[in-house]
Amino acid sequence: MTVPSGNDSFVMFDHVQKSYDGQTLVVKDLNLAIAKGEFLTMLGPSGSGKTTCLMMLAGFETATHGEIRLDGRNINDVPPHKRGIGMVFQNYALFPHMTVGENLSFPLEVRGMGKSEREDRITRALDMVQMGKFRNRRPAQLSGGQQQRIALARALVFDPKLVLMDEPLGALDKQLREHMQFEIKALHERLGITVVYVTHDQGEALTMSDRIAVFNDGRIQQLAPPAALYERPENSFVAGFIGENNALRGTIEKLEGDKALVRLANGELIDASAVNIREVGQPTTVSIRPERVEFKPDLMPADAHTLEAEVLDVIYMGDILRAVLRVADDDEFVMKYRNTLGQTKLTPGQKLRIGWHPLDARALDPV
Amino acid sequence: MVKALDPHAAIVTEAGGLDQGGSLTTADGEPLARALVRSSRRARRRALLLVLPLLLFIVVTFINPIGQMLHRSVFNDGFSANMPELTVWFKEHPRGTQPDEAAWQALANDLQAAAQVRTIGVVGTRMNYEMAGTRSLFTSAGRKVRDGLQPPYREAMLEIDSKWGDPALWSAMRNVSSAYTTSFYLAALDLKRDENGDIVRVAPEQRVYVMLFIRTFVLSAIITAMTFLLGFPIAHLLATLPLRKSNLLMILVLLPFWTSLLVRTSAWIVLLQQQGVINDILVWLGLIGNGQRLQMIYNQTGTIVAMTHVLLPFMVLPLYSVMRTINPSYARAARSLGATSWTTFRRIYFPLTLPGLGAGALLVFILSVGYYITPALVGGSSGQLISNMIAMHMTQSLNWSMAAALSALLLAAVLILYWVYDRLVGIDNLKLG
């Protein structure tokens with residue numbers, strides 16, 4: 001097998017497997033190429049294997065099988081301290097017995113760097129995260145957000161080509177988290193470093209990443225840029241995990257290229273685009289995003305099938321309204337519509353017909 | 001109104017007001033500080049009642065005996081209470097005055113009175129502490145003067161024993177004539193007052209206590225270092241092993257706690273003695289000849305080995321409790337930042353264990369400074385510590401004042417140590433578990 005290297009595969013997972021107990025695989029056959037300068041997020045529920053992958057890349061876990069390459073070099077047997085990978089930990093892991101300056105100085109000292117250059121770099125790294133004034137503080141004297149910045153500065157101060165982040169914003173409150181997302185993203189763009197980011201927060205993944213690898217059950221379920229992941233999920237897990245999703249069960253009635261006609265359980269027919277189904281008669285789950293559901297006849301494509309729906313509840317959410325509908329015997333069908341001036345008022349008990357563009361309804365594998 | 005213009009004043013007046021003195025008041029005009037005291041008084045009283053039994057217990061069984069002991073170390077009225085006339089004479093005449101006839105008469109009268117009420121032995125014992133070999137001088141003189149002496153008293157006394165004319169004896173009597181005395185502390189430091197009242201060192205062959213203090217502190221330091229060397233890896237294992245294995249290991253660590261001290265010490269005798277297990281194995285392996293069996297017990301080696309074993313848990317437990325709280329991500333962070341495992345240990349892990357190490361070291365050191373039973377059993381003569389000397393004074397020589405002075409010095413040394421530790425490390429960094 002040829003070893004691809006260069007800018008498109010700065011980091012390579014090549015048929016990587018990992019087992020802790022010799023009985024079960026936590027990571028099953030992982031193949032992943034991360035390009036230089038890319039911001040790649042590993043997203044998934046806990047226990048999906050994403051953190052294990054990160055730890056294998058950092059060198060704290062060894063791959064049971066397969067090869068991990070960094071810049072074309074096999075790093076399976078390279079100890080963590082020789083990999084030159086910066087890492088930001090979930091709890092920041094700032095050394096509590098050292099000041100901020102000493103924390104930043106540590107990676108430079110172990111590299112045998114001279115004092116004046118160390119001072120230069122520490123000043124630069126602290127200014128980069130706007131923490132120059134806090135150099136002589138101890139980590140315990142800093143707020144969570146400030147500690148996060150220091151952890152970031154420490155991971156970057158020795159100019160690593162690759163930075164790993166393990167749920168770095170998990171402990172911050174919502175507002176601060178969003179602010180830090182923005183800052184990390186800005187730093188990534190300014191420095192041109194490669195970032196591998198682990199999170200279970202899909203919002204974080206969607207706003208920051210160039211590409212997202214959705215993990216479940218030890219496998220990458222889908223690897224795609226955020227928009228593609230949200231709009232064109234390739235299987236039911238991804239459709240359900242990313243964003244809010246309506247799932248309608250049925251069987252394939254007709255299959256024409258990538259157009260499918262699906263008969264729902266109650267006999268009604270809907271149009272959908274075929275994604276990972278192969279044959280007529282196969283059971284399927286049709287996924288539709290709540291904000292793509294329409295209830296005004298003039299907004300629905302003329303030839304598309306529509307469905308009978310009954311309004312069960314309307315929740316006022318400020319910018320949008322969220323209606324829970326009964327559709328094809330499903331009591332949890334959700335429709336979102338904008339809260340605009342003169343928007344139609346829906347009331348519980350009201351009957352209406354809903355529809356959508358066939359491209360927005362994706363016929364996926366049954367769950 | 002000026003007040004209303006000040007935004008801070010506005011907040012204050014909302015809650016209550018300012019009295020004339022400018023301090024805060026509650027809504028109904030009561031000073032805030034007093035209201036606070038009143039509102040928390042009940043809770044504090046209840047808290048006090050809860051701790052009161054323990055407080056009383058500690059006062060009665062701990063503070064009180066220690067106070068008495070400290071008092072005894074500077075107080076001994078064995079001479080002054082039983083030799084009143086001579087005591088008065090010493091008070092009235094400064095040091096250096098030759099004993100005149102009045103002094104001799106006072107001596108004779110006191111000896112006679114003491115002999116009649118049979119307290120001459122107490123006087124002799126007290127004198128003996130100050131000047132060895134004088135007890136018999138007093139008791140025999142007591143027998144002879146019981147029926148009274150005829151003046152001139154000086155000649156009469158010298159006739160009983162010519163040693164009564166010794167200026168050193170008179171100086172010693174002057175020293176003990178005061179009930180409050182520093183002489184026990186001086187003796188505990190191998191010092192004494194000479195005939196002129198100057199503090200000098202005792203004769204070289206009598207110097208024992210300073211050497212014993214030094215030995216006690218040196219051995220304690222060695223034992224502390226040994227428990228650190230042996231305990232650190234165990235504590236680390238305990239903190240990092242999976243729960244089931246670490247529980248088993250913990251039981252092994254605690255086992256010495258559950259075994260009688262005598263059993264443990266005897267076990268060391270079995271192992272270490274010249275015909276013991278270790279010597280047998282060494283001979284069997286041919287490492288030493290049968291005639292060269294090592295002396296490993298009834299000396300300092302025995303004391304160090306047995307005490308290290310006994311005190312090991314006191315080092316392991318604080319270390320363990322601190323190590324358990326050290327997040328493994330610190331070590332990972334250090335490794336990812338480029339540090340080798342040794343650098344990670346030296347610069348990250350070890351400094352983070354210092355609170356536990358400090359607590360353990362302080363605990364082991366203080367315990368071993370005052371340890372008594374193990375050195376008494378396996379220490380031989382070279383492995384005896386100051387505590388054994390204290391015990392000897394308590395139970396054999398019955399010189400409780402001396403025992404008290406030695407104990408007080410030991411206590412002072414430990415307090416100094418504690419103070420130094422506080423200055424260097426900070427006592428709030430101490431973590432016992």
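The values are calculated or read from the model by the stated rules, or taken from the named source; none is laboratory data. Given the structure is predicted, the values throughout are model-derived calculations rather than measurements. Don't worry about glycine lacking a Cβ; one is built from the backbone with ideal geometry, like all the others, and counts go over all protein chains shown. Note: accessible area is taken over every heavy atom of the protein model, side chains too, but ligands, DNA and RNA are not part of it. Shrake-Rupley method; radii C 1.70, N 1.55, O 1.52, S 1.80 Å.
The table below lists the values:
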| quantity | calculated |
| --- | --- |
| Most to least packed among A:159-168, B:38-47 [average Cβ atoms within 10 Å] | A:159-168, B:38-47 |
| Accessible-area composition of region A:244-364, carbon plus sulfur, in percent [1.4 Å probe] | 50 |
| Estimated FRET transfer efficiency when R0 is 51 angstrom, pair B:Leu254-B:Arg45 (beta carbons, to 0.05) | 0.80 |
| Region A:244-364, accessible area per residue, ligands and nucleic acids excluded (1.4 Å, Å²) | 53 |
| Virtual spin-label span in nm between B:Asp77 and B:Asp161, 7 Å along Cα→Cβ | 2.6 |
| Förster radius 25 Å - calculated FRET efficiency between B:Ala179 and B:Thr97, Cβ distance, rounded to 0.05 | 0.75 |
| Given charges at Cβ of Lys, Arg, Asp, Glu: chain B dipole, positive-most of B:Leu86, B:Thr224, B:Phe314 | B:Phe314 |
| Average other protein chain Cβ within 10 Å of Cβ, residues B:349-356 | 1 |
| Cα centroid of region A:245-305 to Cα centroid of region B:324-346, whole Å | 54 |
| In degrees, nearest ten, helix A:144-156 long axis to first principal axis of chain A (Cα) | 70 |
| Share of carbon and sulfur in the accessible heavy-atom surface of region B:308-347 [1.4 Å probe, %] | 59 |
| Region B:97-143 and region A:5-60: distance between their alpha carbon centers, rounded to Å | 95 |
| Cα-based reach from A:Lys115 at 29 Å (exclusive), listing lysines while leaving out same-chain residues under 8 positions away | A:Lys82, A:Lys133, A:Lys161 |
| Theoretical FRET efficiency, 1/(1+(r/R0)^6), r = Cβ-Cβ of A:Ala228 and B:Arg324, R0 45 Å, to 0.05 | 0.45 |
| Simple label model, 7 Å out from Cα along Cβ direction - B:Ile214 to B:Arg118, nm | 4.6 |
| Spin-label model distance (nm) - B:Ser341 vs B:Val37, 7 Å beyond Cα toward Cβ | 6.2 |
| Average beta carbon contacts from partner chains per residue of A:146-155, 10 Å cutoff | 1 |
| Rounded to 10°, Cα long-axis angle of helix B:261-272 versus longest principal axis of chain B | 80 |
| Most positive-pole-ward Cα, B:Leu424, B:Ile214, B:Asn247, against dipole of region B:209-429 from beta carbon charges | B:Asn247 |
| With Cα atoms, 0 to 90° folded angle of helix B:386-395 axis to chain B main axis | 50 |
| Chain lengthening between A:Arg249 and A:Glu178 when straightened (0.36 nm per residue, less Cα-Cα) | 22.0 nm |
